[in-house]
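Take a look at the structure set out below.
Nothing in this text is a laboratory measurement; each read-out follows from the coordinates by a stated rule. No experiment lies behind these values; they were computed from the predicted model shown. Counting neighbours? That spans all protein chains shown, and the Cβs are built from the backbone with ideal geometry, glycine included.
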Amino acid sequence: MSDVIVAPETRDLDDLSRDLADWLSRRLPNASEVRIENLAYPRGAGQSHETILFDAHWHESGQEHIQGCVLRIRPEKFTVFPDTLFEEQYRIMKALSDGGSVRVAKPLWFEADAGVLGKPFFVMEKKQGRVPVSIPPYARSGWLAEATPEQRQTLWRNAVTQLALIQTVPLEGLEFLEGPEGARRGLAQEWDKYCRFVDWLEEVEPQPILRSALARLEAEWPEHQPEGLVWGDARIGNMMFDEAFEVVAVMDWEQPSLGGALHDLAWFCVLSETMHGPKSTYGAPLEGMGRHEETVALWEVVSGKSADGLGWYEDFAEFKMTCTGVRLGHLRGTPMMDARMMAKRLKVG
């Protein structure tokens with residue numbers, strides 16, 4: 001969920017190729033001549049999960065099959081979040097793929113046996129397209145910076161539409177995403193998750209600024225708490241687009257919840273302002289990308305839900321991002337921001 005370069009574990013890809021071929025042969029008992037090719041770690045991915053691209057080849061019923069795949073391996077030592085929702089990640093992607101309203105990569109296989117690769121893993125289909133990367137920042141260089149304002153507006157509209165369509169997904173059947181007792185769903189679930197995140201961070205060092213921010217947010221508790229599914233890292237950098245600037249896939253579902261409809265919109269708006277909006281630290285705003293009020297208006301139309309009180313959720317999103325940044329700083333051994341900058345970001349004195 002962060003673009004700071006802190007890589008999880010990697011492995012020998014030749015050994016992995018053999019292990020995957022043996023495993024897939026067992027998964028496809030009627031297949032023959034199974035082989036794995038083109039293994040590679042994707043550029044700019046894998047901040048919290050070891051992620052590897054590959055192509056699977058096999059023969060079955062007299063036909064040759066080729067399947068582009070993405071392998072995601074459950075993290076153990078390199079953990080960015082206190083909750084490793086690995087199986088839940090696979091299950092929500094499968095539910096969305098089956099539902100069809102939100103464009104995601106189709107999950108193909110889940111393997112719970114750690115004996116195969118040393119840890120549980122899953123495989124999903126490999127989509128083809130382009131991702132607005134943050135390193136280097138997409139607002140400064142690359143295909144989106146070079147696009148026309150009209151093309152950027154198409155991308156923005158399609159991205160916000162997909163973001164809003166997440167809120168049209170029925171929650172029935174998604175009970176596997178519920179939180180602990182007393183915080184099963186709704187704002188209580190997301191609040192509990194990040195209170196526990198601060199507890200976790202304090203196992204390394206005290207977090208007085210985060211504690212003050214929690215107290216401020218709790219004192220300003222929002223009245224408007226619409227139900228809904230939480231994607232968890234809602235940004236165009238986690239979407240893949242085709243040459244026509246249409247969304248190919250909504251990616252990175254590693255922190256889903258039933259925490260409510262406004263968390264993703266808030267996260268999306270905060271990061272949009274930072275990456276390509278008026279508050280961008282990467283130069284002039286990208287012409288064609290919708291303004292904050294336009295994003296909110298389109299989201300409300302497509303989702304059918306009100307964004308009243310969004311400001312509180314945007315402050316909560318800043319808090320969540322800061323928690324993640326502190327954790328990544330622990331993993332790097334270097335703080336990612338000083339106390340004064342953190343206090344200013346979180347609006348505490």
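Sequence-distant contacts, meaning Cα pairs under 8 Å at least 6 residues apart, place the relative contact order of the chain at 18 percent.
For the chain, the longest principal axis of the alpha carbon atoms and the long axis of helix 262-275 meet at an angle near 90°.
Once the other residues with Cβ under 14 Å from the Cβ of S25 are scored (Lys, Arg +1; Asp, Glu -1), what is the net sum? Counting the neighbours of S25, the net charge comes to -1.
Each peptide in 203-209, 245-251 was scored by the mean count of other Cβ atoms within 10 Å over its residues; highest first, the order is 245-251, 203-209.
log₁₀ I(q)/I(0) of segment 143-346 at q = 0.13, 0.15 Å⁻¹, via Debye over equal Cα point scatterers, no solvent, to two decimals? Log10 of I(q)/I(0), two decimals: -0.76, -1.00.
Over all Cα pairs of segment 98-232, how is the pair count split among 5 Å bins, expressed in % and running from 0 up to the last occupied bin? In whole percents, the pair-distance histogram is 2, 7, 10, 12, 13, 16, 17, 14, 8, 1, 0. Taken along its three principal axes, the alpha carbon spread of segment 107-174 comes to 49, 33, 17 Å, from the longest extent down to the shortest.
Given R₀ = 41 Å, FRET efficiency for E33-V301 by Cβ-Cβ distance, to 0.05? Approximately 0.20, to the nearest 0.05. Given their separation in residues at 0.36 nm each and the Cα-Cα distance between them, E76 and Q63 gain 0.8 nm when the chain is fully extended. Could you give the angle, 0 to 90 degrees to the nearest 10, between helix 310-332's Cα long axis and the longest principal axis of the Cα atoms of the chain? It is inclined by approximately 60 degrees. Helix 292-303 and the longest principal axis of the C-alpha atoms of the chain enclose an angle of approximately 60°.
Working from the Cα coordinates of segment 13-125, the gyration tensor eigenvalues give, after taking √(5λ), semi-axes of 24, 18, 13 Å in decreasing order.
Build a GNM of the chain with springs between Cα atoms under 10 Å apart, and of A213, A188, A284 the one that fluctuates most is A284. Shown for the chain: lysine pairs separated by 8 or more places, or found on different chains, whose C-alpha atoms are under 27 Å apart, numbering 28.
Separation of segment 305-349 from segment 30-91 is 32 Å, based on Cα centroids. Across the chain, the longest run free of exposed loop sites, meaning trypsin sites (Lys or Arg not before Pro) lying outside DSSP classes H, G, I, E and B with no more than 11 other Cβ atoms within 10 Å, spans 78-349.
Mean residue ellipticity, 222 nm, helices only, the chain: the sum of -39500 (n - 2.57) across DSSP H runs of n ≥ 4, divided by residue count and rounded to 500, is -12500 deg cm²/dmol. Each residue of the chain gets 148 Å³ once the volume of the Cα convex hull is shared out per residue.
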